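Only the coordinates and a few stated rules stand behind these numbers; no lab work does. Computed from a predicted model, the values in this text were never measured in an experiment. Here Cβ is always computed from backbone atoms with ideal geometry, including for glycine, and neighbour counts include all displayed protein chains.
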Amino acid sequence: MEIRVENGRVAHPFFVEIDSHSGKMDGDATHIKRFLSKLINVFADTDAAKDYLRRHGDTLIYEVYEKDIPEANGEVRFCSSITYPGKIGNEYFMTKGHFHSRPDTAEMYWCIRGKGYMLMEKEDGEHELEEMHPGRVVYVPGYYAHRSINIGNEPLISLPVYPGDAGHDYETMEERGFKHIVVEKNGRPVVIENPRYGRMRG
Ligand code: F6R
Ligand code: ZN
């Protein structure tokens, strides 16, 4: 279903269908695919990431279907976020993560499939980790960078909903990174300090 936009605002009700198994959103949603070759520096162990790339080829780590709702104050944007299962070294597949460009804006994530975590971290590195499983809604307050992490064996699918004018600041995390990362140790997920914190670009 097409969105009718007038004067930069949604002018008519509409709906979308989201497949709860695949996470696919129907219609004319923007479809973003994030492959490993573009995420090498996102993972703490870049050698393990390059090795994975050599052995498995360019792998789809996560994808997002995003409805093209105007990025305006008063609108509500939403998408379907699908993070696949797997690990680079001992670090789980995850999204890049970001602060919002308007840092005070909050977001809610409704998990509909899979098992994982929402890692949330403030500017000073203070962090919270909330489990994600079907039926759980995680609220990410303003001023927290956030990323989804898949610790299970099936796709982690959630539906993020956020203010129209939130925007994305990816730059900070590309440069500095999260202070904490989630890795598997003795078969269990644990939070450790990011060994590349502050120097994600090299
Ligand atoms: C929007 C939001 C989500 C993410 C999505 C992909 O503010 O938080 O829709 O955009 O989960 O993650 P990133 O944006 O970190 O690549
Ligand atoms: Zn966000």
**Lys, Arg +1 and Asp, Glu -1 on Cβ, resulting dipole of the chain about Cα centre, debye, nearest 20** = 680 debye
**Asked** Quick one: 34, 201, fewest Cβ neighbours within 10 Å first, how do they rank?
**Response** 201, 34
**Request:** Tell me which residues come under 5 Å, amide H to amide H, from residue 132 once H is placed; ignore anything under 5 positions away on its chain.
**Result:** 116, 117, 118
**Ranked list, fewest to most other Cβ atoms within 10 Å of each Cβ, for 91, 131** = 131, 91
**Prompt:** Listed here are the pairs 24/185; 38/185; 67/179; which of them are more than 29 Å apart at the Cα?
**Reply:** 24/185; 67/179
